[in-house]
Every structure is written in C-alpha cells, then in structure tokens.
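Q: The structure's right below; bear with me while I get my questions together.
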Amino acid sequence: MRKIFTVLTAGLLAMILAGCGATPGTSDSEYAAKYKAAVEPLAHVATVDASYKSAGGMGRSGDVFLHADTSDRETMLDVLREAFPALVDSAAGDPEVNLAIQVISADGASAVSPTDLGYSGTGSLTSYRQFLGK
C-alpha cells in the first residue's frame, strides 16, 4: 500500500510540475523569435534583441530591446506606441511573463519604455493588457 501511495504521489507531483512549464512544443527561443518578429518590420527599428527565459516553474521573463535608427525622442516614442501593443498582441495565449520593453536610441545614450507612455504596472503581460485595454 505504501508503494502505491508513493508512486501516486510522485506521479501527481510530476503532473503539477509539468503544468508549470511553457506551452508544450514552444521553446524559449521560439517565444523570443515571435516577439522579435512582431516589431522588426516597424519603421525606425534598426535591430531587435529579444530574449525569453523559463525558470522551471518559478516564472518566466523576457526582454525586447528595439534599437532605433534615430535618437529623436519623439520618434522613439512613436516607435514604442506601435511596438508596445504589437508585442502584447503577439503574446496572445502565451503563458504569463514579465517582459521588459525598451526602444534604445541610435547613439545608445537614451531609451524609452512603457513608463514613458504612462504605464506604471508590474511589467507582466496581464498588466500590459490592462493598461492597453486588451
């Protein structure tokens, strides 16, 4: 009886931990590539660095850094106004993730982020969606 209980407990634990992972068949690099593809074609975006990391049931985090072809702050804010909802839309159906989003100037001296648009949340997809009304 004790062996059966042990096997059932181990099986239940394995199922619970498996549920904490990313969507089956989707790797961290695939998430990063999807976020990158959502913003690469935008005007004034020279390059995009995107990363995504699943921490084995302890949460997920990612970064999307858009390198602008300009250092003009207003143009960078315009890029962010397009990129921010595009990224959130591209993440529809994805697991919750804390996602840092920045538009970095061509000279690397400055950057803008969702806080420059009035956002003051936690950086999670849920809080981004709430801010954007999605």
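The values are calculated or read from the model by the stated rules, or taken from the named source; none is laboratory data. As the structure is a computational prediction, the values presented were derived from the model and not from experiment. Cβ atoms come from the backbone with ideal geometry, glycine included; neighbour counts cover every protein chain shown.
Q: Please give the number of the condition residue 111 fails out of (1) surrounded by 14 or more Cβ atoms within 10 Å (Cβ to Cβ); (2) within 10 Å of the chain's Cα centre (by Cα).
A: Answer for residue 111: the failing condition is (2).
Q: Within segment 52-60, is even one residue surrounded by 14 or more Cβ atoms within 10 Å (Cβ to Cβ), at pLDDT 95 or above and among the polar types (S, T, N, Q)?
A: Scanning segment 52-60 turns up no residue that is surrounded by 14 or more Cβ atoms within 10 Å (Cβ to Cβ), at pLDDT 95 or above and among the polar types (S, T, N, Q).
Q: Let me ask you something else. Of the numbered conditions (1) assigned to a loop (DSSP other than H, G, I, E, B); (2) out of contact with any strand residue (DSSP E or B) (no Cβ under 7 Å at 6 or more places or on another chain); (3) surrounded by fewer than 16 Cβ atoms within 10 Å (Cβ to Cβ); (4) in contact (Cβ under 8 Å) with a residue 40 or more places away in the chain, residue 37 satisfies every one except a single condition; which is it?
A: Unmet condition: (1).
Q: I've got another one for you. Give segment 83-108 a look and list any residue that's over 16 Å from the mean Cα position of the chain (by Cα) and part of a loop (DSSP other than H, G, I, E, B), or say none.
A: Result: 105, 106, 107, 108.
Q: I'd like to verify a number: residues in segment 41-56 that are of a type outside the set (D, E, K, R) and outside any loop (DSSP other than H, G, I, E, B), how many?
A: So the count comes out to 8.
Q: Evaluate segment 92-101: report whether one residue or more is in contact (Cβ under 8 Å) with a residue 60 or more places away in the chain and in contact with an Asp or Glu (Cβ under 7 Å, 6 or more places away or on another chain).
A: There is no residue in segment 92-101 that is in contact (Cβ under 8 Å) with a residue 60 or more places away in the chain and in contact with an Asp or Glu (Cβ under 7 Å, 6 or more places away or on another chain).
Q: Also, quick follow-up: Out of curiosity, is residue 91 more than 15 Å from residue 40 (Cβ to Cβ), hydrophobic (A, V, I, L, M, F, W, C) and surrounded by fewer than 17 Cβ atoms within 10 Å (Cβ to Cβ)?
A: no
Q: I would also like to ask the following. Just to be sure before I move on: is residue 106 surrounded by 20 or more Cβ atoms within 10 Å (Cβ to Cβ) and of a type in the set (Gly, Ala, Ser) in the structure I sent?
A: no
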